[in-house]
Amino acid sequence: MIDERHYNFAFLDEGSKREIRRSILKAVAIPGYQVPFGSRELPIGRGWGTGGIQITLSIIGKEDVLKVIDQGSDESVNAVNIKKLVEECTGVEITTDSEKASVIQSRHRIPEIPMRNDQILVLQVPTPEPLRIVEPREAVTKQMHAEAEYSGMWLSLFEDLTQYGEISISSEYPVMVENRYVMNPSPIPRYDNQKLNDSETLYLFGAGREKKIYAIPPHTEVVSMCFDDVPFRTENFEGKHCRLCGAAGVYLDEIIDEKTGEKVYECSDTGFCRGRRERIS
Amino acid sequence: MIKEIKLAYEFDFVHDGQKVFRELLDAMANPGTIRKITQQSQKFDGSYTSLMALGCTLLDNEETMYVEKNPNLSSELHSLTLAHESDLCEADYVFLSSEMNYGSMSQILKNVKQGTYADPHSSATIFLLCECVEGTEEMTLRGPGIKDSLTIFVRPYIKKVIELRDHLHVEYPLGVDLVFADETGNVMGVPRLCKVTEEITVE
């Protein structure tokens, strides 16, 4: 284990943690607003979850139980490396059981089992600015948020609708938080957007490369942007089920069976799937 | 003769600071609920132990503070965190170590940093020490962090301070965040979007 002889508890120095903690508190007070922070260097390249890692390292304590997932998987390279880093420099217990975890760091998914109020979900964010698709200049998007000037965003959704007959955004679907800030919910699928609204848990979003932290406290109004006559739609898995645990009505990954060449489906949340299989057997 | 060295504080800035932060985070994410930092605040000697624990968790030389009429608290916070005192209108964190009359409280709420539309996070957080957080006054809160509404019983001073802040009608996202604490280590957060409302009873 890397201990205090090598690094401070949770790797970051206390000054860095304090700054990140102050930013987190402001983010909670202003849901959906991107609080700038001095993103630190980490032994992982920017763009590999450094925003989420910095939040996790700043909030984690000795009694916490940590779960890290990447696209729903506990075993992917990104998740395993982050788990190793945090475990090495804190000694906290690591789990794959989302009900046992007190802090869950995730890339691009929200766990299938509803999270509780005593848990925190930390999401890694590559591009925190939802307005980047309509305006490339940071100074301008900042002013657009200041003035709640979101007509460009609405127009972009409308253009998408006229071009494809539906809003074609598959992930990072923009949301309106407390009827004030347009927010990028990180590249979670549309299926997960509804879990952000009036949730029991606190969501913290960290973008290390872009140096932004934002949050959604529990029981906050989060509405996926759509038009009155074109309601928001999530992915449709009707008639499909997981080939491993048989679960239906959950978010599924589509896989091509190498032998038969057929499309098959598996639970995206591997911890949830494993738990079901263990209970069944 | 061997004299026992008495420590001014036993607060561990790494682990106790983390615990205080998590309680404060819970308090801000769930307004109106009372969290406890008793164990950590008891590690300070003397008075204002809750404010000391909160200050040592958040302050450093990058932040400015304003401490109302309490040079001892100000000097202790400065010596432990290196945070500098500033004028009220420029302070990032405001510490009120006693319950103030409502006229003075109103002036403080009017004069603290409220942030700007582009940078609403450049606003003040006010830590208020009360005799006790819990009390006899019924108060109903609404806002993010609260499922529908939450009715709690608090000290009348707390309800009045939140109402004074709400009556300023500062347009969101501008505003100040309030954190109430008492000497027994109770902490309650009331961020800017959380408002006192009258409970509506449906007959």
Notebook entry, point to check: PRE reach from A:R116 (point 7 Å along Cα→Cβ): which of region A:48-92 fall under 15 Å by backbone N?
Noted result: A:64-67
Check: What nm value, rounded to one decimal, do you get for the distance between B:S104 and B:L168 when each label is placed 7 Å out toward the C-beta?
Finding: 1.7 nm
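Which FRET efficiency value, to the nearest 0.05, is calculated for A:R46 and B:N61 with the Förster distance at 30 angstrom and r the Cβ-Cβ distance? It would help to have the intermediate numbers written out before the result.
Working: r = 26 Å, r/R0 = 0.88.
That pair, A:R46 with B:N61, gives E of 0.70.
Output needed for region A:236-281: three equivalent-ellipsoid semi-axes, defined as square roots of 5 times the C-alpha gyration tensor eigenvalues, in descending order, whole Å.
After scaling each eigenvalue by five and taking roots: 18, 13, 9 Å.
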Notebook entry, point to check: For region A:1-148, what is the per residue volume of the convex hull drawn over the alpha-carbon atoms, in cubic angstrom?
Noted result: 130 Å³
Item checked: Per-selection Kirkwood Rh - chain A (Cα, Å, 1 d.p.) -> 19.7 Å
Notebook entry, point to check: How far apart, in nm, are the 7 Å Cα→Cβ label points at A:E147 and A:D13?
Noted result: 4.1 nm
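If you take every DSSP beta bridge fully contained in the protein assembly as shown, what fraction is antiparallel? Give it as a percent rounded to 5. Before the final figure, lay out each step's value.
Numbers: 39 of 70 bridges.
Antiparallel: roughly 55 percent of the beta bridges in the protein assembly as shown.
Taking 0.36 nm per residue of separation and subtracting the Cα-Cα distance, what length does fully extending B:H15 through B:D148 add?
On the way: separation 133, 0.36 × 133 = 47.88 nm, distance 3.46 nm.
Between B:H15 and B:D148, full extension yields 44.4 nm more.
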Item checked: FRET efficiency for A:A248 and A:R209, using Cβ-Cβ distance with R0 set to 45 Å, rounded to 0.05 -> 0.75
Note to self: Multiplying the sequence separation of A:T127 and A:E75 by 0.36 nm and subtracting their Cα-Cα distance, what value in nm do you get?
What the structure shows: 16.3 nm
Notebook entry, point to check: What spacing in nm lies between the two simple spin-label points modelled at A:V140 and B:E137, each 7 Å away from Cα in the Cβ direction?
Noted result: 4.9 nm
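Within 12 Å, Cβ to Cβ, of A:E19, how many net charges do the neighbouring residues add up to if Lys/Arg are +1 and Asp/Glu are -1? Show your work: numbers first, answer last.
Values: positive: A:K17, A:R18, A:R21, A:R22, A:K26, A:R40, A:K211; negative: A:D13, A:E14, B:D60, B:E62, B:E63, B:D92.
Result for the local shell: +1.
Which order do A:I280, B:I34, A:I82 fall in if you start with the one that has the fewest other Cβ atoms within 10 Å? Don't skip to the answer; put the middle values down first.
Details: A:I280 8, B:I34 19, A:I82 25.
The fewest-first ordering by Cβ neighbours comes to A:I280, B:I34, A:I82.
Above 14 angstrom, tally the Cα pairs of region B:119-181 and express them as a % of all pairs, no decimals. Present the calculation step by step, with values, prior to reporting the outcome.
Working: 1243 of 1953 pairs.
Looking at region B:119-181, the distances longer than 14 Å represent 64 percent of pairs.
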Next item on the list: Taking the Cβ of each residue in B:C132, A:C267 as the centre, tally the other Cβ atoms inside 10 Å and list the residues starting with the fewest.
Entry: B:C132, A:C267
Notebook entry, point to check: To two decimal places, what compactness ratio does chain B give when its Cα radius of gyration is scaled by 2.2 N^0.38 Å?
Noted result: 1.04
Next item on the list: Quick one: go through region A:223-258 and flag any residue whose amide nitrogen is under 16 Å from the point 7 Å out along the Cα-to-Cβ line of A:E278.
Entry: A:245
Note to self: Quick check: Cα centre of region B:103-168 to Cα centre of region A:213-277, how many Å?
What the structure shows: 41 Å
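Hey, could you get me the Stokes-Einstein D for region A:1-83, Kirkwood radius over alpha-carbon pairs, 20 °C and 1.002 mPa s, rounded to whole µm² s⁻¹? Show your work: numbers first, answer last.
Values: Rh = 14.0 Å.
D = 153 µm²/s.
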Checklist line | Modelled label reach - B:T184, point 7 Å along Cα→Cβ, region B:137-157 residues with backbone N closer than 20 Å | finding: B:137-139, B:151-157
Note to self: For A:K195, give me every one of the lysines with a C-alpha distance below 26 angstrom, ignoring sequence neighbours fewer than eight places off in its own chain.
What the structure shows: A:K26, A:K67, A:K83, A:K100, A:K211, A:K212, A:K240, B:K147, B:K195
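Run through the DSSP bridge list for region B:62-203 and note the antiparallel percent, rounded to the nearest 5. All intermediate terms of the calculation are to be shown ahead of the outcome.
On the way: 14 of 29 bridges.
Taking every DSSP beta bridge within region B:62-203, about 50 percent pair in antiparallel fashion.
Using 0.36 nm per residue, how much length does the chain from A:Y164 to A:I255 gain when fully extended, once their Cα-Cα distance is taken away?
Details: separation 91, 0.36 × 91 = 32.76 nm, distance 2.53 nm.
The span from A:Y164 to A:I255 would gain 30.2 nm if fully extended.
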Checklist line | Taking all pairs of distinct alpha-carbon atoms in the protein assembly as shown, Kirkwood radius in angstrom | finding: 23.7 Å
Margin query: Given R₀ = 60 Å, what would the calculated FRET efficiency be for A:F227 paired with B:L7, taking r from the Cβ atoms and rounding to 0.05?
Written below: 0.40
Next item on the list: Among DSSP beta bridges whose residues both lie in chain A, state the antiparallel percentage, nearest 5.
Entry: 60 percent
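No value in this document is a laboratory result; all are computed from the given coordinates. All values derive from a computational prediction rather than experimental measurement. With ideal geometry, Cβ positions are generated from the backbone for all residues, glycine too; neighbour counts draw on all protein chains shown.
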